[in-house]
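The values are calculated or read from the model by the stated rules, or taken from the named source; none is laboratory data. Note that the structure is a prediction, hence the values are computed from the model and not measured. Virtual Cβ from ideal backbone geometry, glycine too; neighbours counted across all protein chains shown. Accessible surface is based on the protein model in full, side chains and every heavy atom, while ligands, DNA and RNA are left aside. Shrake-Rupley method; radii C 1.70, N 1.55, O 1.52, S 1.80 Å.
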Amino acid sequence: MPTQEYDYGMIGLGTMGRNLVYNMCDHGYSVAGFDKDASKVDSLEKEADGRKVLGAQKLEDFIASLKSPRVIMLLVPAGHVVDMVIDELKPFLSKNDLVMDCGNSHFTDTDLRTEQLAKEQIHFMGVGISGGEYGARYGPSIMPGGAKEAYERVAPMLKAVSAKVNDEPCVSWLGPGSAGHYVKMVHNGIEYGLMQLIAEAYHLLKECLNMSNDDLHNVFSKWNEGRMKSYLIEITANIFAQNDEFSGKRLIDMILDTSKQNGTGQWTSQSAMGLYLPIPVIDASVSARDLSALKEERVAAQKILQWHKVVFKENDSELVDWLENALYFSMIAVYAQGMSLLQRASKEYHYDLKLDEVARIWRGGCIIRSVLLEDILSAYSDEPTLPNLMVNNQLALKLEQCQDGFRLAIKTAIETGIPAPAMMASLAYFDGYRRGWLPAKLIQAQRDYFGAHTYERIDRKGIFHTQWDQKQQ
Ligand code: 6PG
């Protein structure tokens, strides 16, 4: 077995791990890989095609093959598997070794692991990686967090393997501790939002206009040529054109209508709730997946909960136009919510995130890449402490231009009984955020009425409580 020969170690040789190994090799790095599944280790070497790759069947051999101080990357399922791997690794690690968790770990786990390994003088980094299989192989967006010095050690490699936009690598040190995993979590929350919004547009186009899959392919392809150009719109257009190998029909028509999830969207909502920061589009998107999973209940309810079907009678091309406005408007709203959550979390957890950098590294390689990120990048470059993307002058103008169409699209959803929870949440968020006056005063009065929770006044400072005239019924 070779000793101290390999630049990097990779534990977890599933789709992401294996592809990242080959990507690293293509950029001149030698990598040793280890996986509990011996067949994955075998195929890593078999498919190496002359690259300097080692597939180690034993953890001891894997460790011995690495140059010291070691850099070991983990691409294993989030949760207890990460802890198990770290526990197994620990006896073999030495001072100054660096472990990089490149999976979708919960940020609080990352903070704990960083703390625990620091006691043994082992460095730990939480690194978000986005881009799926293709991204891992040819250039993902990489969101590293942890000690800056640890990042510097691996920065040349991360820059080399990452996606590039205008020759700039889509990677940047984001902040200490769990900053990288937090940003990746919010990336996924935005991903949930965008996917749900696109699904709602699909639902409206399909049911109101009886669009065929070819029509849908054409609409999304056209949208992808304009201001909504993005990875998710692009793959949506492709999906409608995909034939099914079994039925001869379009594949989309053969897929069961319940969406699954691995938890990162839910974590985003939970974290935002914990920070008292509204991200209603992401919340609605998580709930919409949950609702879709109630398939049996939905099928039963369909027979009970009737509504008078209203047929869409306006011009077809008008609805397509309204929906383009609705989707674009909502895309801005969901990015705005994700960014404002990052801003709040950055203060709370002392990440000191640079939001322009976040926008910059999301422009390539990741699932939420879109041309809109160019506007977001310039918004935060002009004003790093912008309280909300929607109040950036350029974006505020774009929202205004979309508003009429957006409201008509929502009106159509309401009239035809087609659920559009994420689009509606986008509009309500906008309508709430742009009002200096909200009815929250009534909630304060009610709280004080039944629970003496006190309220503040508009005409004098202090906290007040009133003995309300309680007329019992
Ligand atoms: C990415 C993706 C990736 C994964 C999602 C899927 O950025 O490459 O976000 O991390 O595909 O976690 O999430 P769900 O299974 O929850 O939809």
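The table that follows gives values for the structure above.
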{"item": "Those lysines that a straight Cα-Cα span of less than 26 Å connects to residue 471, excepting residues fewer than 8 apart in one chain", "result": "441"}
{"item": "Paramagnetic reach from residue 49 (point 7 Å along Cα→Cβ, amide N under 15 Å) across region 5-28", "result": "18-28"}
{"item": "Efficiency of FRET between residue 348 and residue 270 - r from beta-carbon atoms, R0 22 angstrom, step 0.05", "result": "0.95"}
{"item": "Cα-centred dipole magnitude for the chain, charges only on beta-carbon of K, R (+1) and D, E (-1), debye, nearest 20", "result": "840 debye"}
{"item": "Under 17 Å, Cα to Cα: Lys pairs in region 160-310, sequence gap 8 or more or different chains", "result": "5"}
{"item": "Lysine-lysine proximity count for region 1-118, Cα under 26 Å, sequence distance 8 or more or distinct chains", "result": "19"}
{"item": "The chain: angle of helix 179-209 to the longest principal axis, Cα-based, in degrees nearest 10", "result": "50 degrees"}
{"item": "Efficiency of FRET between residue 229 and residue 470 - r from beta-carbon atoms, R0 60 angstrom, step 0.05", "result": "0.50"}
{"item": "Length added when fully stretched, residue 138-residue 26, from 0.36 nm per residue minus Cα-Cα", "result": "39.4 nm"}
{"item": "Neighbourhood net charge (11 Å Cβ-Cβ; Lys/Arg +1, Asp/Glu -1) for residue 268", "result": "-1"}
{"item": "List 203, 80, 181, ordered by accessible area with a 1.4 Å probe, largest first", "result": "80, 203, 181"}
{"item": "Using a Förster distance of 30 Å, the FRET efficiency for residue 431-residue 251 (Cβ separation, nearest 0.05)", "result": "0.20"}
{"item": "Stretch gain in nm, segment residue 112-residue 453, where the contour uses 0.36 nm per residue and the Cα spacing is subtracted", "result": "119.1 nm"}
{"item": "Sulfur and carbon atoms: percent of accessible area, the chain [1.4 Å]", "result": "52 percent"}
{"item": "Extension gain (nm, one decimal) between residue 302 and residue 95, 0.36 nm per residue minus Cα-Cα", "result": "68.3 nm"}
{"item": "Positive-pole candidate from 340, 68, 20, dipole of the chain, charges at beta carbon", "result": "340"}
{"item": "Mean ellipticity per residue at 222 nm, deg cm²/dmol - from DSSP H runs of n ≥ 4 across the chain, formula -39500 (n - 2.57)", "result": "-17500 deg cm²/dmol"}
{"item": "Karplus (6.51, -1.76, 1.60) ³J(HN,Hα), θ = phi - 60°, over region 72-81, in Hz, Gly and Pro reported as x", "result": "10, 9, 10, 10, 10, x, 5, x, 5, 4"}
{"item": "Virtual spin-label span in nm between residue 461 and residue 261, 7 Å along Cα→Cβ", "result": "4.3 nm"}
{"item": "Accessible area expressed per residue, the chain, with surrounding protein chains retained (probe 1.4 Å, Å²)", "result": "49 Å²"}
{"item": "Neighbour-limited loop hits for trypsin sites (Lys or Arg not before Pro), region 269-319 (at most 15 other Cβ within 10 Å; DSSP other than H, G, I, E, B)", "result": "309, 313"}
{"item": "Alpha-carbon Rg with Dmax, taken over the chain, Å", "result": "25.1, 86"}
